[in-house]
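Data first, discussion second: the structure below is written as structure tokens.
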Amino acid sequence: MLTNELDFNLPERLIAQRPLTPRDGSRLLAYDRQSGRIAHRRLAELPGLLGPGDLLVFNDSRVIKARVFAVKPTGGRVELLLLKRRQARIWEALVKPSARLKPGMVVTAGGSGYPFVLQDRLGEGRWLIANASQAATADVLEQVGETPLPPYIKEKLTDPERYQTVYAARPGSTAAPTAGLHFTSKLINDIKAAGAAMAPVTLHIGLDTFRPVGEANLARHQMHREYYRVPPETYEQALVAKNRGGRVIAVGTTSARVLETVFGPEPAALEGETGLFITPGFKFRSVDGLLTNFHLPRSTLLAMVMAFAGVDQTRRLYREAVAREYRFFSFGDAMLAL
């Protein structure tokens with residue numbers, strides 16, 4: 001598949017700049033893959049689309065304050081975006097601007113208190129950096145870090161918790177699993193009252209959320225590996241749901257990647273790193289439904305939606321969403337494909 005096949009026209013006014021209140025007030029485009037029918041609903045109506053025995057699997061990763069502004073010895077400013085912990089005090093980070101930086105250089109955040117050492121250049125603006133302060137990295141980020149927002153969101157977020165899911169529990173992501181931003185405690189209770197169940201997995205979201213596909217041929221794009229974990233209880237619940245005729249519905253593309261990693265043709269361990277890249281032609285083995293936001297052109301996330309819903313069908317759904325002025329991207333509306 002060519003990457004330009006992931007293009008579509010999107011008016012800038014449809015890029016959501018702020019989250020809705022209440023969270024479950026967002027619109028929901030519901031698509032039945034078997035009949036091809038489209039329905040226009042609200043997230044609060046999701047329980048009515050579920051049945052007894054269905055299992056919704058959500059990503060409980062929590063966004064960390066991963067964006068840090070620091071100063072070089074020359075006084076120039078640099079931005080560190082911590083992407084993935086490699087060791088206790090060593091992280092993979094996106095550093096901007098990166099061209100004139102050298103291994104061994106020390107940049108300092110928060111005045112003079114928090115030095116980071118640039119260790120190794122990894123390419124594409126990525127570095128291995130070491131926290132050289134006496135404080136734990138989590139404490140440093142809490143003191144001087146900011147919650148990273150995608151570059152297409154221009155407005156300042158007054159409440160950083162609105163870029164967290166209500167069930168976020170395991171710190172480690174540099175971007176939110178945005179399909180989960182629509183959930184409220186009431187919606188979760190209503191889902192359970194409808195006879196469906198919910199179960200967590202963890203995938204710490206890293207660089208690929210920020211990185212567009214640069215290759216002309218999608219098959220040449222290399223996914224960066226991300227940490228995942230599936231609790232044994234979630235694994236068992238998914239098996240039971242499949243065996244009893246229920247549907248396993250992934251809340252977001254990250255949950256889908258975890259499930260298809262663990263239940264793939266070569267089953268993986270319940271904890272590890274995944275570089276799974278799901279593109280059209282992929283055979284889904286565990287996911288029966290996908291709840292997801294509307295994604296960027298030329299993104300790996302849109303490629304996964306096309307793999308699940310069909311290429312031409314996804315184009316049709318996105319045209320419908322644009323025509324009806326659905327809100328797009330992280331703070332936007334959602335789509336459910338069953």
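Please treat every number below as a calculation from the coordinates, not as lab data. As the structure is a computational prediction, the values presented were derived from the model and not from experiment. Using ideal geometry, Cβ is built from the backbone for each residue, glycine included, and neighbour counts are taken over all protein chains shown.
Sorting Glu161, Glu226, Glu79 by the number of Cβ atoms found within 10 Å of their own Cβ, with the fewest placed first, yields Glu161, Glu79, Glu226. Full extension of the chain segment joining Ala193 with Tyr152 gains 11.1 nm, where the gain is 0.36 nm per residue of separation less the Cα-Cα distance. Among beta bridges from DSSP that stay inside the chain, the antiparallel ones total about 70%.
Under the criterion of Cα pairs below 8 Å and six or more residues apart, the relative contact order for the chain equals 25 percent. How far apart, in nm, are the 7 Å Cα→Cβ label points at Glu233 and Leu14? Reported label-point gap for Glu233 and Leu14 is 4.0 nm.
Going toward the positive end of the dipole of the range 30-131, with +1 on Lys and Arg Cβ and -1 on Asp and Glu Cβ, which of Phe116, Leu50, Gly36 do you reach last? Of the options given, the answer is Phe116.
Taken about its Cα centre, the range 274-330 carries a charge dipole of about 80 debye when Lys and Arg each add +1 at the Cβ and Asp and Glu each add -1 at the Cβ. Legend: residue pairs Lys72/Lys96; Lys65/Lys96; Lys156/Lys192; Lys84/Lys242; Lys156/Lys186, Cα-Cα distance threshold 23 Å; pairs beyond threshold, Lys156/Lys192; Lys84/Lys242; Lys156/Lys186. With r as the distance between the Cβ atoms of Arg285 and Gln119 and R0 = 51 Å, compute the FRET efficiency 1/(1 + (r/R0)^6) and round to 0.05. The pair Gln119/Arg285 has a calculated efficiency of 0.80. For the range 141-210, the residue among Gly172, Thr184, Ile153 whose Cα projects farthest onto the positive side of the dipole built from Cβ charges is Thr184. Taken about its Cα centre, the chain carries a charge dipole of about 540 debye when Lys and Arg each add +1 at the Cβ and Asp and Glu each add -1 at the Cβ.
Assuming a ≥ b ≥ c are the square roots of the Cα gyration tensor eigenvalues, decide whether the range 67-144 counts as rounded (a/c under 1.5), prolate (otherwise, with a/b larger than b/c) or oblate. Oblate is the answer for the range 67-144, as a/c is 1.5 or above yet b/c matches or exceeds a/b.
Round to the nearest 10 and give me the degree value, 0 to 90, for the angle of helix 300-309's Cα axis relative to the longest principal axis of the chain. The angle comes out at about 10 degrees. Dipole size of the range 67-144 about its Cα centre, with +1 on Lys/Arg Cβ and -1 on Asp/Glu Cβ: approximately 240 debye, rounded to the nearest 20.
Dividing the mean sequence gap of close Cα pairs (under 8 Å, 6+ apart) by how many residues the range 81-199 holds gives a relative contact order of 18 percent.
Between Asp139 and Ile38, the simple label model (points 7 Å from Cα in the Cβ direction) yields a spacing of 5.4 nm. When each of the peptides 83-93, 328-338, 248-258 is scored by the mean number of other C-beta atoms lying within 10 Å of its residues, the order from highest to lowest reads 248-258, 328-338, 83-93. The range 81-126 and the range 33-48 have Cα centres spaced 45 Å apart.
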